[in-house]
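The values are calculated or read from the model by the stated rules, or taken from the named source; none is laboratory data. All values derive from a computational prediction rather than experimental measurement. Cβ placement follows ideal geometry from the backbone for every residue including glycine, while neighbour counts extend to all protein chains displayed.
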Amino acid sequence: MLNRAAATCRLKYLYQPLLTTLFALMVVQPAFSEREPLPLWDAGAAFGATRIPHYRGSGQYNTWAAPGPLFNYRGDILKVDDDGVRTEFRINKDTEIDISFGANLPVSAEDRGVRADMGRLEATAETGPSLQMRVWQHATDNREFWIKLPVRAQFVVDSDGIHPQGLIFAPYVQFIARDIRASRWGYSLSLGPLYADNEYYEHFYDVPLEYVTAVRPLFKTGGGYGGSRIILNLYNAAYPISYGVFLRWDTLKDSEFEESPLVEERENLSVGFGISWHIWSSKKTVPIR
């Protein structure tokens, strides 16, 4: 038990710098102008602070602030940026296919909310392809409209290894505006639904028989609609120091698991702030889309 607790503690301190890096990248990177070449790679430091629910529908939140390392790589195929670590295959100037990766933090076994005595909710990792199509671009400034169609497989990561745990399809539309009025300010607005199979949802929302109590009835979710979300990023990308804020609103209304006893809130608001300082960089530059 002590070994498991120690491992959990070590993972916590490993996760936070990585999440800080990804969060700082996520809220500032899209603002760079496509007319402005940037280094092939750069490195530095990042700081992130955020408040997010344990999982969509949870009434309990993780709040953290931490420094972390920063690294960008802007290769033709391999990229490390606001969308995480991914490979990108360009079909034409307006269409591409990404293979991206993501992760969700574990929830401690010490949870005293609706998951009390249900044990630790293990961390998950996700990966899969995304078809991305730019359907509109302003002729003279940095405004564009995208349709993005990501499909990801989810894997549970625990002490016994990595185990498949369902699929999710999260299509969304995204409007991006960079260098507003010739400034370094920009924003992106994304919205769309989520769909997944029952294996994906059961990790978060099922109540097996052994965990049934007087206030927590048996629950088995089905696959299908999983609610919707809206994401707003507002950022200033003055190189080498960039910063931004992040807002994400989730609704579970009419979702397949809305009536799960593990759903405490049918709406969640996540907020955060990120800043990145690009200290070292390559001499070689590349154009930015």
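Of note:
- Ile176 being in contact (Cβ under 8 Å) with a residue 40 or more places away in the chain, more than 22 Å from Lys253 (Cα to Cα), not polar (S, T, N, Q) and not in a helix (DSSP H, G or I): yes
- Scan region 122-132 for residues that are touching a helix residue (DSSP H, G or I) at 6+ places or on another chain (Cβ under 9 Å) and either surrounded by fewer than 18 Cβ atoms within 10 Å (Cβ to Cβ) or not hydroxyl-bearing (Ser, Thr, Tyr) (or both) and the total you get is 2.
- Residue match in region 231-245 (condition: surrounded by fewer than 14 Cβ atoms within 10 Å (Cβ to Cβ) and either at pLDDT 95 or above or of a type in the set (S, T, N, Q) (or both)): no
- Screening Ile279 against (1) surrounded by fewer than 14 Cβ atoms within 10 Å (Cβ to Cβ); (2) part of a loop (DSSP other than H, G, I, E, B) leaves a single unmet condition, (2).
- Looking only at region 96-122, and only at residues there that are within 23 Å of Arg216 (Cβ to Cβ) and assigned to a strand (DSSP E or B), the one that is modelled with the lowest pLDDT: Asn104
- Here Met133 passes the criteria (1) over 26 Å from Glu88 (Cα atoms); (2) part of a strand (DSSP E or B); (3) of a type in the set (A, V, I, L, M) except the one numbered (1).
- Some residue of region 164-173 being free of Cβ contacts under 8 Å to residues at least 40 places away in the same chain, among the polar types (S, T, N, Q), assigned to a strand (DSSP E or B) and buried (at least 18 other Cβ atoms within 10 Å of the Cβ): no
- Looking across region 104-121, the residues that are touching a residue at least 40 places away in the same chain (Cβ under 8 Å) and either surrounded by 14 or more Cβ atoms within 10 Å (Cβ to Cβ) or within 17 Å of Ala177 (Cα to Cα) (or both) come down to Asn104, Leu105, Pro106, Val107, Ser108, Asp111, Val114, Arg115, Met118, Arg120, Leu121.
- Filter result for the condition that a residue is out of contact with any Gly (no Cβ under 7 Å at 6 or more places or on another chain) and either within 23 Å of Phe155 (Cβ to Cβ) or small (Gly, Ala, Ser) (or both), over Gly222, Gly274: Gly222
- Any hit, region 186-197, residues being under 23 Å from Arg143 (Cα atoms), modelled with pLDDT of 95 or more and more than 16 Å from the chain's Cα centre (by Cα): no
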